[in-house]
Amino acid sequence: MKLQPRNHATTQPRNHATTQKYKFLCLMFFLILLTNTTLIGQNTQDYFLKIKQGYDLGVIQKTIKPDSTLSLSMTNSSFAAVMNQKPIYKFEKPFPNLNSAFLDLVYLITLDETATTTDIISRNEVQYLEIIEDDIQLADEPMPFAIVPNDYTDVLFGGKNTSLDLIKAPLAWTISTGENVLVGVADTKVDLNHFDIPVIQEINQPITNTDKHGTGVVGMIAAKTNNGLGIASLAHNASIVSAPRLGDQAVYTLSQIPGVKIINCSWQSTCTYNIALVCIGQIQDSKNLLKQ
């Protein structure tokens with residue numbers, strides 16, 4: 001059996017085609033930071049409303065009624081009429097100052113929890129109306145580098161890091177940058193002296209491959225960020241424990257370390273033996289990482 005690292009650039013993750021709907025679902029969780037999900041004394045439900053490209057609600061004016069609900073007035077008067085039939089407590093753009101064509105069509109709305117939404121969803125202007133779950137944890141402190149760090153660049157081609165842009169990483173960082181998360185990496189030997197690699201744990205195992213792939217993987221996960229060098233990483237405050245070898249035994253070893261709940265396996269097998277099923281079975285039997 002021969003295991004090989006996947007052949008991709010070590011400075012940026014592989015881009016995968018994503019549908020607009022799944023992008024929107026991700027944005028639901030990232031944008032919640034700037035919203036207040038409950039109103040005192042009211043049983044309400046928050047939504048993200050996505051308007052289709054080519055439609056414009058126009059300038060929106062809001063009047064607060066005696067019962068604290070809103071009356072809306074906008075260029076699209078027929079849409080306003082539908083909304084005004086419901087008890088509305090909030091209707092606003094979550095990120096009004098961001099220069100994003102996508103986010104410019106997203107609205108945060110708060111309705112009475114008993115309000116029906118089928119007539120909103122059926123409107124030609126509406127692409128999605130998604131419920132915001134109440135159990136999302138919000139960040140307590142603002143980001144120290146005002147969202148975008150000073151090494152948020154593509155080291156191969158220059159300009160913004162398109163991979164982090166694709167998954168809206170700066171929005172995710174407003175919620176978490178990986179604090180108190182321990183990530184296992186089963187890969188080739190990591191260069192512990194690399195200028196952009198944080199201090200990591202390394203399991204003492206026979207080294208089977210000294211390719212630089214492991215260093216690149218750890219860098220994408222948790223490289224030092226906002227240091228003016230190298231790249232920004234996805235979870236730069238996460239902790240890393242590395243098993244410098246490829247294969248199911250490395251994954252199983254990492255799964256036994258207390259606190260490890262995520263293991264990165266950026267490699268593939270060139271034989272027909274199903275290494276994944278064997279490994280998952282062992283981990284499930286140990287009742288540590290994966291449970292039924």
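Quick rundown of the values:
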read-out: Residue within segment 78-91 that is open to solvent by 40 Å² or more (accessible area, probe 1.4 Å) and at pLDDT below 90 present; value: no
read-out: Unmet requirement for THR153, which otherwise passes all of (1) without any contact (Cβ under 8 Å) to a residue 12 or more places away in the chain; (2) more than 30 Å from ARG245 (Cβ to Cβ); value: (1)
read-out: Segment 159-194: number of residues that are at pLDDT below 85 and under 21 Å from CYS265 (Cβ atoms); value: 2
read-out: Number of positions in segment 196-226 that are open to solvent by less than 50 Å² (accessible area, probe 1.4 Å) and not small (Gly, Ala, Ser); value: 14
read-out: Residue list for segment 44-69, restricted to those being outside any strand (DSSP E or B) and among the charged types (D, E, K, R); value: LYS52, ASP56, LYS65, ASP67
read-out: Counted residues, segment 213-231 - those being out of contact with any strand residue (DSSP E or B) (no Cβ under 8 Å at 6 or more places or on another chain) and either of a type in the set (A, V, I, L, M, F, W, C) or over 13 Å from THR153 (Cα atoms) (or both); value: 7
read-out: LEU229 being farther than 15 Å from ASN264 by Cβ, among the hydrophobic types (A, V, I, L, M, F, W, C) and either open to solvent by less than 10 Å² (accessible area, probe 1.4 Å) or not in a loop (DSSP other than H, G, I, E, B) (or both); value: no
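Yes/no per residue for (1) modelled with pLDDT under 90; (2) of a type in the set (Ser, Thr, Tyr):
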{"site": "ALA222", "(1), (2)": "no, no"}
{"site": "GLY228", "(1), (2)": "yes, no"}
{"site": "GLY247", "(1), (2)": "yes, no"}
{"site": "TYR252", "(1), (2)": "yes, yes"}
{"site": "GLN256", "(1), (2)": "yes, no"}
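Table: residues versus (1) modelled with pLDDT of 95 or more; (2) more than 18 Å from ILE60 (Cα to Cα); (3) surrounded by 12 or more Cβ atoms within 10 Å (Cβ to Cβ); (4) more than 19 Å from the chain's Cα centre (by Cα).
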residue: PHE95; (1), (2), (3), (4): no, no, yes, no
residue: ASN99; (1), (2), (3), (4): no, yes, no, yes
residue: ILE109; (1), (2), (3), (4): no, no, yes, yes
residue: GLU113; (1), (2), (3), (4): no, yes, no, yes
residue: ILE136; (1), (2), (3), (4): no, yes, yes, no
residue: VAL148; (1), (2), (3), (4): no, yes, yes, no
residue: TYR152; (1), (2), (3), (4): no, yes, yes, no
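The values are calculated or read from the model by the stated rules, or taken from the named source; none is laboratory data. Predicted model, so just to flag it, every value in this text is computed and none were measured. A quick note on method: Cβ atoms are made from the backbone with ideal geometry, for glycine too, and the neighbour counts reach across all protein chains shown. To get the accessible areas, we keep the full protein, side chains included, count just its heavy atoms, and leave off ligands, DNA and RNA. Shrake-Rupley method; radii C 1.70, N 1.55, O 1.52, S 1.80 Å.
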